[in-house]
Amino acid sequence: MLMNNLGRLGMLLPFREWANNGVVKKYYKDYFQRLNGGTFLEIGCGNGTGAKIIKKCFSPKKIVATDLDPFMINVAKRNVHDPLIIFETGDATKLKYQTGQFDGVFVFDALHHIPGPQWQDCLKEIYRVLKPGGLFFIYDVSIEYFETFIGRVLRPLYVHPYDSMYRRDEFIDFLPKLNFKILKKEFLSRHFLTVVEKP
Ligand SMILES: C[S@@+](CC[C@H](N)C(=O)[O-])C[C@H]1O[C@@H](n2cnc3c(N)ncnc32)[C@H](O)[C@@H]1O
């Protein structure tokens, strides 16, 4: 689901990079060595800072960073100039990539934008494009956040699929149903975070 202009404006603020950088450095560091030199996909890349952080930490061969919104892809292309990072528009529920192509797939705050039941299609697609032994890193919020006081205040200001957004446990419980193995699971103040493996 496309963001409104306020949502897009929020993506231009520098704290996005600071927040995502903190997550990768603190929670994903155990996997830097394992995936070093791999080929990665980022879903819902926004302004491109996630791809920059992945590049710095995992020393990849290549990163493909996609977003549904051509506006955000243009912002990312203006922000990040790196021959190893390819930015392209694409819908996370219908990935155009080959089966078993990626060593790692990353999501920072993007899956809660996908209405139900299409978020399940997105997870199936991510499973498909990962290599066996590949890892999927998820850092996102769920409908529970928009049920808090702050979340209720924010609701009318932003566009999200509030009526069909997943609940946190529903999302996490769906991962083993696709045969993902959960390696890490953390509940942070607003976000949840999981690292899962395609066996
Ligand atoms: C909150 S932003 C997060 C951007 C970036 N990952 C970050 O952390 O700064 C969510 C992004 O997901 C994208 N998005 C929403 N639905 C999508 C879909 N079906 N496929 C790919 N990207 C999608 C939006 O266009 C937006 O750029």
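The values are calculated or read from the model by the stated rules, or taken from the named source; none is laboratory data. Nothing here was measured: the structure is a model prediction, and the numbers come from that model. Please note: Cβ atoms are built from the backbone with ideal geometry, for glycine as well, and neighbour counts cover all protein chains shown. We work out accessible area using only protein heavy atoms, side chains counted, and drop any ligands, DNA or RNA first. Shrake-Rupley method; radii C 1.70, N 1.55, O 1.52, S 1.80 Å.
Which values of log₁₀ I(q)/I(0), to two decimal places, follow from the Debye formula for the range 87-199 at q = 0.10, 0.13, 0.24 Å⁻¹ with a uniform point scatterer at every Cα?
-0.29, -0.49, -1.46
For the chain, which whole percent of the accessible surface, found with a 1.4 angstrom probe, sits on carbon and sulfur atoms?
Within the chain, the accessible surface is 55 percent carbon and sulfur.
Of Asp140, Asp163, Asp69, which is the most mobile in a GNM of the chain whose springs link Cα atoms less than 10 angstrom apart?
Highest fluctuation among the options: Asp163.
Just for the Cα atoms in the range 5-197, what are the lengths along the principal axes, largest first, rounded to whole Å?
If we take the Cα atoms of the range 5-197, the spans are 43, 39, 31 Å.
Using Cα pairs closer than 8 Å and at least 6 residues apart in sequence, work out the relative contact order for the range 5-197, in percent.
18 percent
Go through the range 9-18 residue by residue and turn each phi into a ³J(HN,Hα) via Karplus (6.51, -1.76, 1.60, θ = phi - 60°); whole Hz please, and just put x for glycine and proline.
4, x, 6, 8, 7, x, 5, 4, 5, 4
Using a Gaussian network model of the chain whose springs link C-alpha atoms within less than 10 Å, name the residue from Gly44, Gly104, Gly151 with the highest mean-square fluctuation.
Gly151
Among the listed pairs Lys26/Lys61; Lys29/Lys124; Lys52/Lys77; Lys131/Lys181; Lys55/Lys77, give every one whose C-alpha distance is greater than 20 Å.
In this structure, Lys26/Lys61; Lys29/Lys124 lie more than 20 Å apart at Cα.
How would Ser142, Ser59, Ser164, Ser189 line up by accessible area, probe 1.4 Å, largest first?
Highest to lowest solvent-accessible surface, that is Ser189, Ser59, Ser164, Ser142.
Would you give the gap between the C-alpha center of the range 109-125 and the C-alpha center of the range 1-39, rounded to a whole Å?
18 Å
For the range 5-197, report the accessible area per residue in Å² (1.4 Å probe, heavy atoms, rounded to an integer).
With the other protein chains kept in place, the range 5-197 gives 47 Å² per residue.
Highest GNM mean-square fluctuation, the chain, Cα pairs closer than 10 Å: which of Leu123, Leu188, Leu12?
Leu188
How much net charge surrounds Lys96 when only other residues with a Cβ under 11 Å from its Cβ are counted (Lys, Arg +1; Asp, Glu -1)?
-2
Kindly sort Lys198, Lys131 by accessible area of their heavy atoms, largest first, with the probe set to 1.4 Å.
Correct descending sequence by accessible area is Lys131, Lys198.
Accessible area of Lys26, 1.4 Å probe, to the nearest 10 Å²?
130 Å²
Viscosity 0.890 mPa s, temperature 25 °C: Stokes-Einstein D of the range 1-71 from its Kirkwood Cα radius, in µm² per second?
189 µm²/s
What does the charge dipole of the chain about its Cα centre add up to, to the nearest 20 debye, if the Cβ of each Lys and Arg holds +1 and the Cβ of each Asp and Glu holds -1?
About 580 debye.
Of all beta bridges DSSP finds with both residues in the chain, what is the antiparallel percent, to the nearest 5?
40 percent
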